[in-house]
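The values are calculated or read from the model by the stated rules, or taken from the named source; none is laboratory data. None of these values were measured; they are calculated from a predicted model. Every residue, glycine among them, receives a Cβ derived from its backbone with ideal geometry; neighbour counts consider all protein chains shown.
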Amino acid sequence: MKKASGKLFDRFTDIFAWTYEIFLYSLALPLLIAIISIFSDASIWFNNFPWITRIPICIVVGIYLKSKLKSRYFTKGNKLYVGNLYLTNEKLKELFSSYGKVKNVINYPDEGFAFIEMASPEEAEKAKDTLKDTNSSLFLVIV
């Protein structure tokens, strides 16, 4: 049951991040129209819509901008933060090299955490998922 709740929390944070970012991109259209209206009367067409239709228009524009800009929430990183781990650099490289090529290791063994940079986001995801399943005491986050 512990694994399911962790995956549910990960899914919830992904959905929250997606919703929050769509909200931020949705603010781009009214902001752009406000800036344009300073210099011209180009925003009159948008002001003719009632608020009930302006909101979905802004959301659609936000989703479109999100898909075009491909921000960090949708492009996975290849760097892992590993917490609750007390190993040397060599042991860390040995542990993570079974999941792919390790590009860089920044280790803080006294504090119990490290940053491991993998060659690709897929390798980082594979290492995170496999190590979370095998050792539940580790704290793994892709950054």
Across segment 90-110, what is the number of residues that are of a type in the set (A, V, I, L, M), in contact (Cβ under 8 Å) with a residue 12 or more places away in the chain and over 14 Å from residue 128 (Cα atoms)?
1
Name the residue that is farthest from residue 8 (Cα to Cα), counting only residues in segment 75-118 that are part of a loop (DSSP other than H, G, I, E, B), of a type outside the set (S, T, N, Q) and within 18 Å of the chain's Cα centre (by Cα).
77
From the option list 49, 96, single residue qualifying as among the aromatic types (Phe, Trp, Tyr) and modelled with pLDDT of 85 or more is 96
